[in-house]
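Working notes, structure below.
Just so it is clear, none of the values below were taken in a lab; they were calculated from the coordinates. These numbers were taken from a predicted model, which means no experiment stands behind them. When we count neighbours, we look across all protein chains shown, and the Cβ atoms used for this are built from the backbone with ideal geometry, even at glycine.
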Amino acid sequence: MTSLFHRRFHAGFALALGLALALVSATAPTAFAEEPATKIAVNFRSALEAALKQSEALKTQTSLIETAHWQKFAAGGTLLPSITASASQQRAGAPDTDSKQYGLTANVNLFRGGADLHKLKSADNYLQATKAGSDNTLLQTEESAASDLLTVIYQKKHLELLESSLNFENRYFEIAQRKYKNGALALEQLDKIRIDRSNFEAEVRDAELALTSAIARQRVWIENLEVSGDWPWLTDLRQEIVTAKYQKRLAKKSNDETLAARPDVQSSILTVSAQDQSRAAAKSLLYPEIDLQLFYGNHQLDPSLDWSKAWASTITLTWPLFNGFKDYSSYRIANESYTISNYNYELLRRQARSDIELSQKNFLKSVQTAVDREKVVESSVRLMSATQHRFEIGHATADELNLDQQRVIQAEELVAKGWFDAHQSLIHFAHSRGVSAQAIY
């Protein structure tokens, strides 16, 4: 009797628990299910703008500029007098000998060898160098983001090409099967077409993986957007050899003028100036220092006396004769820092000049290559069409058809790669002249 009761109880409890869990799962939201985020397809320009807005590197530059502003503000404050309020009580021995004093003290530096002024100029040059460096970071960030976005476009083109080729293989595999059934095609030829189709299927899967990887890299820049598969400057680049639109726009200045306009060169020049002023400030600390101190307030020299007005002025001449070579060592360090900044500028100047000269040549070469490759595609397609017709009437083998198809695929692949290179070279051509890609639309 007891065992029957327990069995019924456990059965009823299990049924109730199951119904409760089913009700909860039906009504409560799933905690771990993630709804796929909708990716909005945008053109290259919009995607690049969004990438730059979300860039942490550019946000960091904003903070660096703000820091440099306050460093300049602090350096300028050293030229102003310092004012302090003070109150004191002094006891010489017995309680009735207490003296009290309160008032304001102003300290003014009259001479420090120009150290404070040099520090202010150094801070100002550093601020301007930071701003120019921020502009250069913008170009570097833009080039990295554009490369990842263009890679997505290229991988989409590559996948479309392989999918189109696979469709071609599927159609001609059906034709080959009919020809084999009619006795017009050998089994060996049919097997070759079947193997080619399997190879294309594998290449399509590889291209899908490559596109997925490219999109993953793109999402580092833009999370909820996806760049469309259209080349941003294709129409103009096809006409560049004739119109020279971008060459006229980007190469209208001399190399020296272009060099001076580059933000990385400007930043380096300003860094040299900042180091020079820091060196001068360090050297000034080797000279004597003259300070003026003014005090005004009230004092009580003895508890039995009344409070009275008090003022005092002090001029102090300070000249450290020996402090363990601390100031001299600081000067030598500042001098070496200035020398290093000069070396860095000279290296950058040579690299920038070479970049300016090569970027235009590389741009023209890449555009011409892409245009020439498009002409090869046209010839390859005509050749394959002729072979296709001969294959259908039995005058061409599967090997000949496959060879012509591979020739078309290779040509179209080279075209896609050519326009990828042309777009990248255009962006670098602009950046070598200190111009943002956003400015060349």
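Of the GluC sites (Glu not before Pro) found in the range 191-254, those in coil by DSSP whose Cβ has at most 16 other Cβ atoms within 10 Å are E223. Loop-located chymotrypsin sites (Phe, Trp or Tyr not before Pro) across the range 303-405 with a Cβ neighbour count of 12 or fewer within 10 Å are F322, F325, with loop assigned by DSSP.
For the residues F173, F295, what sequence is obtained by ranking on other C-beta atoms within 10 Å, fewest first?
So the residues, fewest neighbours to most, are F173, F295.
Residues whose amide H lies under 5 Å from that of V227, counting only those 5 or more places away or on a different chain, are V42; hydrogens are built 1.01 Å from N in the peptide plane. Looking only at the chain, where both bridge partners belong to it, what percent of the DSSP beta bridges are antiparallel (to the nearest 5)? Looking only at bridges with both residues in the chain, the antiparallel portion is about 90 percent.
Other residues within the sphere of radius under 14 Å centred on the Cβ of I356, judged by their own Cβ, net out at +3 (K and R +1, D and E -1).
For the range 376-395 and the range 180-256, what is the separation of their C-alpha centers, rounded to whole Å? Here the answer is 22 Å between Cα centres. The residues packed around A334, meaning those with a beta-carbon under 15 Å from its beta-carbon, carry a net charge of +3 if Lys and Arg are +1 and Asp and Glu are -1.
Seen against the Cα atoms of the chain and their longest principal axis, helix 44-53 is set at about 30 degrees. Could you work out the relative contact order of the chain? I mean the mean sequence separation of Cα pairs under 8 Å and 6+ apart, divided by the number of residues, in percent. Value for the chain: 23 percent.
Holding the Cα-Cα limit at 29 Å, pick out from K119/K309; K72/K283; K131/K417; K59/K252; K53/K157 the pairs that are longer than that.
K119/K309; K131/K417; K59/K252
Could you give the length gained on full extension between N182 and V108, defined as 0.36 nm per residue of separation minus the Cα-Cα distance, in nm? Result: 15.8 nm gained on full extension. The length gained on full extension between S164 and L403, counted as 0.36 nm times the residue separation minus their Cα-Cα distance, comes to 84.4 nm.
Computed extension gain for N255 through R219, at 0.36 nm per residue and net of the alpha carbon distance, reaches 9.2 nm. Computed from Cα atoms, the angle from the helix 326-392 axis to the main principal axis of the chain rounds to 10 degrees.
Summing +1 for each Lys or Arg and -1 for each Asp or Glu among the other residues whose beta-carbon sits under 9 angstrom from that of G434 gives 0.
Taking 21 Å as the straight-line reach from the Cα of K192, the lysines in range (excluding those fewer than 8 positions away in the same chain) are K179, K181. Helix 115-181 against the longest principal axis of the chain: what's the angle in degrees, Cα atoms only, rounded to the nearest 10? Taking the Cα atoms of the chain, the angle to 115-181 is about 10 degrees. Take each peptide in 74-87, 404-417, 269-282, 47-60, count the other Cβ atoms within 10 Å of every residue, and average; sorted highest first, the result is 269-282, 404-417, 47-60, 74-87. If you take the square roots of the eigenvalues of the alpha-carbon gyration tensor of the chain and sort them as a ≥ b ≥ c, do you get rounded (a/c under 1.5), prolate (a/b over b/c) or oblate? Since a/c reaches 1.5 but b/c is at least a/b, the shape of the chain is classed as oblate. Build a GNM of the chain with springs between Cα atoms under 10 Å apart, and of T339, T316, T387 the one that fluctuates most is T316.
Between the range 61-135 and the range 273-298, the alpha-carbon centres lie 11 Å apart.
Taking label positions 7 Å along the Cα-Cβ direction at both A41 and V381, the computed distance is 2.1 nm, reported to one decimal. Would you mind telling me which residue in H428, H395, H69 has the biggest mean-square fluctuation in a Gaussian network model of the chain, where springs connect alpha carbons within a distance under 10 angstrom? Comparing H428, H395, H69 in the GNM, the peak value goes to H395. With the simple spin-label model, which puts each label point 7 Å out from Cα in the Cβ direction, the I65 to E357 separation comes to 3.4 nm.
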